[in-house]
């Protein structure tokens, strides 16, 4: 897989694409277009996608396409993608892209060299070499990109006090999440109207009876400008296991690992 950067939507997005010699088209996932504001153009004729055995694929039919500026290292082009419901990847660079740019791919050294006459003339700004990304790492990075910006849209946001600040940061109400370990899980809402996001422990911890323990989440967060965060226990933990949280305030400028002080009010240890 190879790291690409797209320009043309609400923001630039960096993500990893699969190079697939068996793909007859270049594809982009519909969800990526919706999430990043990449304009989709309705196709004149819908196109069905077929598997190797001749059966229609669940990815299709293709009803839209898009054209977007794409960088691979110093290689820039206006790329055309068919919009599909991709299941395992966000982007697929297939035979149309390979034929157009004819890059040299060294599968052993995991390097891509854009040395065709077309690329040397029109696409390159500096070095023609791009390094591939191992698939496991690429999928992990794509997952982080997919979930790293969780919009805080439900209800008014608490503030610490009046402020005269303004500008882009003051209007940014997104919650940014950075995984500190590969095993960490990104906070998620249990339902569309949930009041907050569920947190997931990144380590096994015993909380003694009538005691407390600090549990690491394995993530760091960036809160919107001025609001603070608050950690509260779900009712299920409180009712079933008599668990609650202490010291649940998160300052808006805190960037360290998120940890929860879990208190056990019951007579039995909790793990």
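With respect to the conditions (1) surrounded by 11 or more Cβ atoms within 10 Å (Cβ to Cβ); (2) modelled with pLDDT under 80; (3) more than 18 Å from the chain's Cα centre (by Cα), residue 243 lacks only one, and its number is (2). Quick check on region 113-145: of everything there that is surrounded by 12 or more Cβ atoms within 10 Å (Cβ to Cβ), in contact with a strand residue (DSSP E or B) (Cβ under 7 Å, 6 or more places away or on another chain) and in a loop (DSSP other than H, G, I, E, B), which residue is modelled with the highest pLDDT? Of everything passing the filter in region 113-145, 114 is modelled with the highest pLDDT.
When 161, 222, 218 are checked against the criterion of being out of contact with any helix residue (DSSP H, G or I) (no Cβ under 6 Å at 6 or more places or on another chain), at pLDDT 80 or above and at positive phi, a single residue qualifies: 218. Residue count for region 1-13 under the criterion of being over 15 Å from residue 79 (Cα atoms) and surrounded by fewer than 18 Cβ atoms within 10 Å (Cβ to Cβ): the result is 2.
Just one of the listed residues (192, 184, 170) is outside any strand (DSSP E or B) and modelled with pLDDT of 80 or more, and it is 184.
Would you say residue 238 is free of Cβ contacts under 8 Å to residues at least 12 places away in the same chain and farther than 24 Å from residue 271 by Cα? So residue 238 fails the test.
Residue count for region 89-132 under the criterion of being in contact (Cβ under 8 Å) with a residue 40 or more places away in the chain and either closer than 27 Å to residue 57 by Cα or not assigned by TED's automatic domain parsing to the domain that holds residue 18 (or both): the result is 10. Looking across region 195-232, the residues that are crowded, with 16+ Cβ neighbours inside 10 Å and in a loop (DSSP other than H, G, I, E, B) come down to 197, 199, 202, 217, 218, 223, 224, 225, 226, 227, 228, 231. Of the residues making up region 81-112, those that are part of a helix (DSSP H, G or I) and in contact with a helix residue (DSSP H, G or I) (Cβ under 9 Å, 6 or more places away or on another chain) are 100, 101. Looking across region 83-107, the residues that are crowded, with 17+ Cβ neighbours inside 10 Å, within 23 Å of the chain's Cα centre (by Cα) and more than 18 Å from residue 13 (Cα to Cα) come down to 84, 94.
Figure legend. Inter-residue proximity from region 50-66: first residues loosely packed, with under 11 Cβ neighbours inside 10 Å, second residues at pLDDT below 90, beta-carbon distance below 6 Å, spacing 6+ or different chains. Indicated pairs: 51/57. The single condition among (1) over 23 Å from residue 130 (Cα atoms); (2) part of a strand (DSSP E or B) that residue 15 does not meet is (1).
Within region 3-24, residues that are under 15 Å from residue 105 (Cα atoms) reach partners that are in a strand (DSSP E or B) with beta carbons closer than 6 Å, at six or more positions or on different chains, in the pairs 3/16; 17/2; 17/4; 17/91; 17/93; 18/92; 19/93; 20/92.
The values are calculated or read from the model by the stated rules, or taken from the named source; none is laboratory data. Since the structure is predicted, the reported quantities are computational estimates derived from the model, not experimental observations. Neighbour counts run over all protein chains shown; Cβ positions are idealised from the backbone, glycine included.
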